[in-house]
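**Student:** Here's a structure for you.
The values are calculated or read from the model by the stated rules, or taken from the named source; none is laboratory data. These numbers were taken from a predicted model, which means no experiment stands behind them. So basically every Cβ, Gly included, is an ideal-geometry build from the backbone, and we count neighbours across all protein chains shown. Quick note on the areas: whole protein, heavy atoms, side chains included, nothing else; ligands and nucleic acids left out. Shrake-Rupley method; radii C 1.70, N 1.55, O 1.52, S 1.80 Å.
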Amino acid sequence: MIHARLRQFVALAVGAVLAACLSFAAPASASTFTPAAADTQVQTPLVVNARWGGHATYDRIVIDLQGYAPTVTVTPVAQLRYDGSGKPVPLAGKYFLEIRLNPAAAHDDAGQSVYHGPKLQKIYLSKLKGLAMTGDYEGYVTFGAAFDTLPYYRAYSLQSPERFIVDIAH
């Protein structure tokens, strides 16, 4: 009886560890994150900054917000383009992710920019090679990230303060 329970516990523990590892190693396909708090707020969240960092096993992109976390879609794309104009974004890379927040704005009601992060930045991390703000248009704020190799990522939001995170595994 004790051996059967021990085997069951070990099987559940191994399954949990495998699930955690696979979430980081999932292929780079489109993913959408919709926080529950988005339904209870009415004011459009503001995108105020974007930053990045390199860690031992992953690179991280952080998008800082004021207000609640909006719905965010992370999608692999063949090429990054600026919203509205459709012009190509001059970031070097072979693989790209588009990070789209909606509803969101990087400007206040008077039309003044509240975004204080980089508009176009070359980056020299293990995986992440560039980041650009590609749009603040009709309720959407869009970023593009560039990579030399296929990005395997995990996307989620954190609160207090509100921010959206994309971790890219090495």
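**Student:** To the nearest 10 square angstrom, how much accessible area does LEU150 have with a 1.4 angstrom probe?
**Tutor:** So the heavy atoms of LEU150 present about 80 Å² to solvent.
**Student:** Checking the a/c ratio against 1.5 first, then a/b against b/c, what shape does the Cα gyration tensor give for the range 66-170?
**Tutor:** Because a/c hits 1.5 or more and a/b fails to exceed b/c, the range 66-170 counts as oblate.
**Student:** Hey, can you find the accessible area per residue of the range 113-170 for me, probe 1.4 Å, expressed in square angstrom?
**Tutor:** So the range 113-170 comes to 45 Å² accessible per residue, rounded to a whole number.
**Student:** Right, next: Would you work out what percent of the accessible area of the range 110-170, with all protein chains in place, is carbon or sulfur (probe 1.4 Å)?
**Tutor:** 50
**Student:** If each residue of separation counts as 0.36 nm, what is the full-extension length gain between ASP109 and ASP148 once their alpha-carbon separation is subtracted?
**Tutor:** Stretched fully, the ASP109-ASP148 segment lengthens by 10.2 nm.
**Student:** Moving on. Given R₀ = 22 Å, what would the calculated FRET efficiency be for HIS55 paired with LYS94, taking r from the Cβ atoms and rounding to 0.05?
**Tutor:** Given R0 = 22 Å and the Cβ-Cβ separation, E is 0.45.
**Student:** Let me ask another. In what order, largest first, do HIS116, HIS107 sit by accessible area if the probe radius is 1.4 Å?
**Tutor:** HIS116, HIS107
**Student:** A follow-up question, please. How do ARG81, ARG163 rank by accessible surface area computed with a 1.4 Å probe, from largest to smallest? Show your work: numbers first, answer last.
**Tutor:** Working: ARG81 110, ARG163 50 Å².
Largest accessible area first, the residues go ARG81, ARG163.
**Student:** If you don't mind, there's one more thing I want to ask. Could you tell me the accessible area of ASP108 in Å² (1.4 Å probe, neighbours in place), rounded to the nearest ten?
**Tutor:** Its accessible surface works out to 60 Å², give or take rounding.
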